[in-house]
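Please read the structure below before turning to the comments.
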Amino acid sequence: MGKNKEGERPIGRFYFAQNRREKQMRTLTIADNWKDWKFGDTDAVMTFNAQNDGQTPDFTNKTLTFKIADSAASTPDNPKDYVASAAGYVENNKVLLKTEDVKTLTPGTYSVELWVMDNSTEKNAIYPSKGFAFFSIEENTMKVSDITNVPSKTLEAIYADLKQQVGAIKKGSQGEPGKTPKIVMGSVTKLSPDAQPSATLVPLQSDPNTYTLNLQLPQGVQGEQGLQGIPGVGSKGLDGNNGLTPTIDPKTKHWMIGGTDTGVIAEGQAGKDADPSKYVTIVSFNQLRQQVQDNATALDALQKSAVNKDLQTQIANLTSQVTDLTAQVKALQEAKSDTSKSDEPAKSDNKDDQPAKSDTPTSSADSPSTPASSSTTTPDSTPASSSSSDTSDNKSASSSAETSATPASDTTN
């Protein structure tokens, strides 16, 4: 191995120019496993590691192309002629170069660059920033790599002579129409999103004029979510079966559905017969109401004819009695309104079953206990007569109060 330039280091038969004094740059190195391979080997893959300032770049939406030039073994950093290009494939953050894509190269040493073009801006990033990466193609046992160097002038002369001879050839008869090739769709292989697309045409053995197209396509970027579709309208469903009609069990009074006892009470048990003695008849109610009205008239008369304190005391007593009677009537009215017609005592045609009529007079004129007339005095009345009248009035009011305060059931009986 010869002496290298400053900043360069040897790597076997390959040399990678690197300025060690620069810390930030693009680098490109090749793995040792396939940096050497023989001419005619189309089943090998060279693995390259591209770095940008020590970091693996993002190859998304990028086009990767290897640019290859012939390089003499003695001067590997000074490539001669640009000889080939090939697609780069990204796999596990590495860039792959397939030997089948450079099968036209003859044995020798070659300089390599990786061109990465941004598909959006069409700008190229070249790896490495300084120097090249290298690989070698060895001769095989068939010795097909013996190539004679022909000067370019000689090639130009041969080409001019051939051109002249071709021009002198007479035009022949028209040939038969050629066959239009047929292309049939083959397999479609889904690659990783950062891989490069490719396609192959394979002729059929049974028909050389028919080709099978095989595609290797990278997975596309996920698109945006589409708009919400219009809600569908389904067809009308079939009519369902008729439901079960609930019934009431005559014994338990529970709701029954299809012979199943739900346990829910639908109807209460029959109640006991009403006790007529605990209710007020219409006749008794009318009598009590009449007594209240009569006492109210007498009270009004007493208030108008009050002469002394005794009369005022009597008026206060009567007022209290009327208040009590009013409360009793109200209670009786509320009891009657709460009693349904079905609970009223049944009417009987037998006179013995009918309630006995009360001896209490229904008018103030016929009732001796009515204090209306007895309490009325004239200016000429003496205190004695007034006192006697007051005593009679007190007895009448007391008798009337006792009569009106009698329970309805006792009056009826």
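The values are calculated or read from the model by the stated rules, or taken from the named source; none is laboratory data. Remember, predicted model here, so these are calculated numbers, not experimental data. Glycine gets a Cβ as well: all are built from the backbone with ideal geometry, and neighbour counts include every protein chain shown.
In this structure, is Ala274 at pLDDT below 80, closer than 30 Å to Thr252 by Cα and surrounded by 14 or more Cβ atoms within 10 Å (Cβ to Cβ)? Outline the logic, then answer.
Numbers: at pLDDT below 80: yes; closer than 30 Å to Thr252 by Cα: yes; surrounded by 14 or more Cβ atoms within 10 Å (Cβ to Cβ): yes.
Yes, satisfied.
With respect to Ser152, determine if the residue is surrounded by 12 or more Cβ atoms within 10 Å (Cβ to Cβ), of a type in the set (Ser, Thr, Tyr) and at pLDDT below 85. Spelling it out, it is not the case that Ser152 is surrounded by 12 or more Cβ atoms within 10 Å (Cβ to Cβ), of a type in the set (Ser, Thr, Tyr) and at pLDDT below 85.
Select from region 108-125 the residues that are more than 18 Å from Ala195 (Cβ to Cβ) and crowded, with 18+ Cβ neighbours inside 10 Å and list them in ascending order. Scanning region 108-125 gives Gly108, Thr109, Tyr110, Ser111, Val112, Glu113.
Only residues that are among the small types (Gly, Ala, Ser) and modelled with pLDDT under 90 were counted in region 103-122, giving 1. No other residue among Ala125, Ala168 is small (Gly, Ala, Ser), over 30 Å from Asn209 (Cα atoms) and modelled with pLDDT of 70 or more apart from Ala125.
Any idea which residue in region 128-146 is modelled with the lowest pLDDT, counting only those that are surrounded by 12 or more Cβ atoms within 10 Å (Cβ to Cβ) and hydrophobic (A, V, I, L, M, F, W, C)? Ranking the qualifying residues of region 128-146, first place goes to Val144. Of note, Thr200 satisfies the criterion of being loosely packed, with under 13 Cβ neighbours inside 10 Å, assigned to a strand (DSSP E or B) and of a type in the set (Ser, Thr, Tyr).
Residue count for region 209-222 under the criterion of being loosely packed, with under 12 Cβ neighbours inside 10 Å and either farther than 13 Å from Ile183 by Cβ or of a type in the set (Gly, Ala, Ser) (or both): the result is 4. Any chance you could count how many residues in region 38-49 are outside any loop (DSSP other than H, G, I, E, B), buried (at least 18 other Cβ atoms within 10 Å of the Cβ) and not aliphatic (A, V, I, L, M)? Residues in region 38-49 being outside any loop (DSSP other than H, G, I, E, B), buried (at least 18 other Cβ atoms within 10 Å of the Cβ) and not aliphatic (A, V, I, L, M): 1 in total.
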